Amino acid sequence: MPEPAELALVIDDLTVAYDQKPAIWDIDLEVPQGALMAIVGPNGAGKSTLIKAALNLIPRAAGSVLFHGKPYEAARHLVGYVPQRGSVDWDFPTSVLDVVTMGLYGKLGWLRRPGRRERAQALAALEQVGLLDYAGRQISQLSGGQQQRTFLARALVQDAQIYFMDEPFAAVDATTEAAIVNILRELNKRGRTVLVVHHDLQTVPEYFDWLTLLNVEVVASGPTCQVFTLDNLQKTYGGRVTSLHGGQVLAAGG
Amino acid sequence: MAERRVWAMIAALLALGVLLVPLSQALFGLRLTYTVRVVALGGSLLGALSGAVGCFAVLRRESLLGDALSHAALPGVAVGFLLAGRQLGALLVGAGIASWLGLRLVAAILRTTRIKQDAALGIVLASFFAAGIALLTYIQSLPEASQAGLDSFIFGQAAAIIASDIALLGAVGLAVTLVLALLWKEFKLITFDAEFASAGGLRGGLIDALLSTLIVVTIVLGLQLAGVILMVGMLIAPAIAARQWTHSLEQMVVLAAALGAFAGGSGAVISALDSDIPTGPMIIVVAFALVALSITLAPGRGVLWRQLRQRENRRHFRSRRLETGA
């Protein structure tokens, strides 16, 4: 068992309800520092809700969340966030570089404007995700994959200790998927904790070393090699997972 | 290159605006009285202010919230009159409070019920406006004479603008510009991605409230000129027109201010051609003429531009097919 000080995220008794029906129920979760964790579950399992409730973006019915032992208000600077790509209007009049620089606004604080240093940091992050040539591009001209990489670069400049990513792999091209995986491994190497809402069961064992199976409640959570079993997946997806051959999973409606 | 084109356009608009008074005197033989000049100056100041602030309303998809909030101001005007008599300050404070209550009510409806945003806006707009009309009708039945002209807040009455109003518009406009400049990056981020702003350590709720306050203040200042019904036009038309010409928020806000000032000033001058042309509606007509022009002509986004490019594409591909066929 890891020492309590090594836990990057501790969620205790977290419940969120929409119109009396619980979206997530009594979530207890401990994520060790440095984990690269997938949050997996069927549609409506509350994966995005879990992330948003942890980050105080939606009201909690009950429960507490600690980031490196601190409540959210005291830990904002430790947290990086990649929202779902569809959550913003990509016709907004701004450039790729500008969007990435937005990741530094929180650190800059009130009144201070981004300057040359912030520009250099943003450009470095764009290079990491392979979008350096697009820095001056209008965001309305980006493909879906490029949009996702722009959001990823914005999270990178936040230089956070613990990252929350909401479906970064949803409907992206192969180039973008490879770029995201590279970034995840790089963050992992630097000891950062990353939580990713994920849909593709096939790639879970390859990409992630830690796994939480969620269906309103936590079905199982721990190292992928222990949690990623046919039995657990069937519990999560309600028996719709049909087989598990050497990591090959066939899930219906996942 | 595109950036320089927009800055040139802004400069041309401003020059045209400055020359508006002497030009119209020379071309149309207009004799612009002191009153007309004051109204034109007030119209341009208000146009600049609502153009800049309106960009955020449009980009946040809150155009119709602006409409609901301006209608919601009417009962505040009436209550202000009943409490303090016909003093502009009291009327505007009343309007601001009522409009702000309307804003809170929309938010409360969305938070606590399953009613959707369009219906919530409809509820606030209709109920507040109806209450305002009822109160105004009651006030008109009072024996005092001082209530005359209170209903000008419905359609606006530009001629009522006097020099001290210009000072008020100028002072508030300066304050709003200062707030916009100081909190530029916060407003930009909350408009583009409110969730990320809150998750990334900015005080999302506070910035949101500040931006809404700017919109309410702008609406209240414009009521005398444009009236509660047409104020939404002042707020959104310059922003919609400006959006067609540029892809940068900075330029969009400056251009919208310039377009708004141009519409406000020239609308006032045009209405001086004949005493039967009402100023407020004329300003809105000019503003939406600018919108129509922009939607048609703007390079890149304009309708005409896109059709030309489509035709060019078709011809290009047809000729390439012929080449490969031969």
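Of the residues B:20, B:65, B:49, B:32, only one is among the hydrophobic types (A, V, I, L, M, F, W, C), surrounded by 16 or more Cβ atoms within 10 Å (Cβ to Cβ) and not in a helix (DSSP H, G or I); which? Lay out the reasoning, then the answer.
Numbers: B:20 fails: not in a helix (DSSP H, G or I); B:65 fails: not in a helix (DSSP H, G or I); B:49 fails: not in a helix (DSSP H, G or I).
Checking each option against the conditions leaves just B:32.
Mind listing whichever residues of segment B:267-299 are surrounded by fewer than 14 Cβ atoms within 10 Å (Cβ to Cβ) and among the small types (Gly, Ala, Ser)?
B:275, B:292 - these are the residues of segment B:267-299 that are surrounded by fewer than 14 Cβ atoms within 10 Å (Cβ to Cβ) and among the small types (Gly, Ala, Ser).
Any idea which of A:106, A:80, A:145, A:136 is at pLDDT below 90 and of a type outside the set (Asp, Glu)?
Working: A:80 fails: at pLDDT below 90; A:145 fails: at pLDDT below 90; A:136 fails: at pLDDT below 90.
Exactly one residue qualifies, and that residue is A:106.
Restricting attention to segment A:138-171, which residues are of a type in the set (Val, Ile, Thr) and within 30 Å of residue A:11 (Cα to Cα)?
Going through segment A:138-171, the residues of a type in the set (Val, Ile, Thr) turn out to be A:139, A:150, A:157, A:162.
A:150, A:157, A:162, listed by residue number.
State the number of residues belonging to segment B:230-246 that are within 14 Å of another protein chain (Cβ to nearest Cβ) and out of contact with any Gly (no Cβ under 8 Å at 6 or more places or on another chain).
At the first step, the residues of segment B:230-246 found to be within 14 Å of another protein chain (Cβ to nearest Cβ) are B:239-246.
Narrowing further to those that are out of contact with any Gly (no Cβ under 8 Å at 6 or more places or on another chain): B:240-241, B:243, B:245-246.
Matching residues across segment B:230-246 total 5.
Can you pull out the residues in segment A:9-27 that are at pLDDT 90 or above and either over 30 Å from residue B:112 (Cβ atoms) or within 14 Å of chain B (Cβ to nearest Cβ) (or both)?
A:9, A:10
Any chance segment B:206-220 includes a residue that's of a type in the set (Gly, Ala, Ser), crowded, with 23+ Cβ neighbours inside 10 Å and touching a residue at least 40 places away in the same chain (Cβ under 8 Å)? Outline the logic, then answer.
Just the residues of segment B:206-220 that are of a type in the set (Gly, Ala, Ser), to begin with: B:209, B:212.
Still in the list and also crowded, with 23+ Cβ neighbours inside 10 Å: none.
Within segment B:206-220 (the criterion being of a type in the set (Gly, Ala, Ser), crowded, with 23+ Cβ neighbours inside 10 Å and touching a residue at least 40 places away in the same chain (Cβ under 8 Å)), the answer is no, since none of the residues qualifies.
How many residues are charged (D, E, K, R) and over 19 Å from the mean Cα position of the chain (by Cα) when one looks only at segment A:13-51? Can you show your working first?
First, pick out the residues of segment A:13-51 that are charged (D, E, K, R): A:13, A:19, A:21, A:26, A:28, A:30, A:47.
Checking which are over 19 Å from the mean Cα position of the chain (by Cα) leaves us with A:13, A:19, A:21, A:26.
Residues flagged as charged (D, E, K, R) and over 19 Å from the mean Cα position of the chain (by Cα) within segment A:13-51 amount to 4.
Sort through A:58, A:51 and tell me the only one that's within 14 Å of another protein chain (Cβ to nearest Cβ) and out of contact with any helix residue (DSSP H, G or I) (no Cβ under 8 Å at 6 or more places or on another chain).
Numbers: A:58 fails: out of contact with any helix residue (DSSP H, G or I) (no Cβ under 8 Å at 6 or more places or on another chain).
None of the others qualify; the one that does is A:51.
Could you tell me whether residue A:97 is of a type in the set (A, V, I, L, M), more than 24 Å from residue B:56 (Cβ to Cβ) and in a helix (DSSP H, G or I)? Outline the logic, then answer.
Values: of a type in the set (A, V, I, L, M): yes; more than 24 Å from residue B:56 (Cβ to Cβ): no; in a helix (DSSP H, G or I): yes.
Answer is no for this residue.
Restricting attention to segment A:107-162, which residues are of a type in the set (S, T, N, Q) and assigned to a loop (DSSP other than H, G, I, E, B)?
Applying the first criterion (of a type in the set (S, T, N, Q)) to segment A:107-162 yields A:121, A:128, A:138, A:140-141, A:143, A:146-148, A:150, A:158, A:161.
If the condition is that a residue be of a type in the set (S, T, N, Q) and assigned to a loop (DSSP other than H, G, I, E, B), then A:143, A:158, A:161 are the ones that fit.
Among what's in segment A:81-133 and is more than 8 Å from chain B (Cβ to nearest Cβ), buried (at least 19 other Cβ atoms within 10 Å of the Cβ) and in contact (Cβ under 8 Å) with a residue 60 or more places away in the chain, pick the residue that is nearest to residue A:187 (Cα to Cα).
A:82
Which of the numbered conditions does residue B:191 fail, given that it passes all the others? Conditions: (1) of a type in the set (S, T, N, Q); (2) more than 18 Å from the chain's Cα centre (by Cα); (3) within 14 Å of chain A (Cβ to nearest Cβ).
(2)
Let me confirm something: among B:256, B:175, B:242, which residue is out of contact with any Asp or Glu (no Cβ under 6 Å at 6 or more places or on another chain), at pLDDT 90 or above and surrounded by fewer than 24 Cβ atoms within 10 Å (Cβ to Cβ)? Walk me through how you get there before you give the answer.
Working: B:256 fails: surrounded by fewer than 24 Cβ atoms within 10 Å (Cβ to Cβ); B:242 fails: surrounded by fewer than 24 Cβ atoms within 10 Å (Cβ to Cβ).
Just a single option satisfies the conditions, and that option is B:175.
Picking from A:170, A:178, A:174, A:220, which residue would you name as being surrounded by fewer than 17 Cβ atoms within 10 Å (Cβ to Cβ) and closer than 26 Å to residue A:22 by Cβ? Step through it out loud before you land on a result.
Values: A:178 fails: closer than 26 Å to residue A:22 by Cβ; A:174 fails: closer than 26 Å to residue A:22 by Cβ; A:220 fails: surrounded by fewer than 17 Cβ atoms within 10 Å (Cβ to Cβ).
Every option except A:170 fails the conditions.
Yes/no per residue for (1) in a helix (DSSP H, G or I); (2) free of Cβ contacts under 8 Å to residues at least 12 places away in the same chain:
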{"residue": "B:86", "(1), (2)": "no, no"}
{"residue": "B:91", "(1), (2)": "yes, no"}
{"residue": "B:97", "(1), (2)": "yes, no"}
{"residue": "B:105", "(1), (2)": "yes, no"}
{"residue": "B:110", "(1), (2)": "yes, yes"}
{"residue": "B:118", "(1), (2)": "yes, no"}
{"residue": "B:121", "(1), (2)": "yes, no"}
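The values are calculated or read from the model by the stated rules, or taken from the named source; none is laboratory data. Small disclaimer: the values here were computed from a predicted structure and weren't measured. Note: ideal-geometry Cβ built from the backbone for every residue, glycine included; neighbour counts use all protein chains shown.
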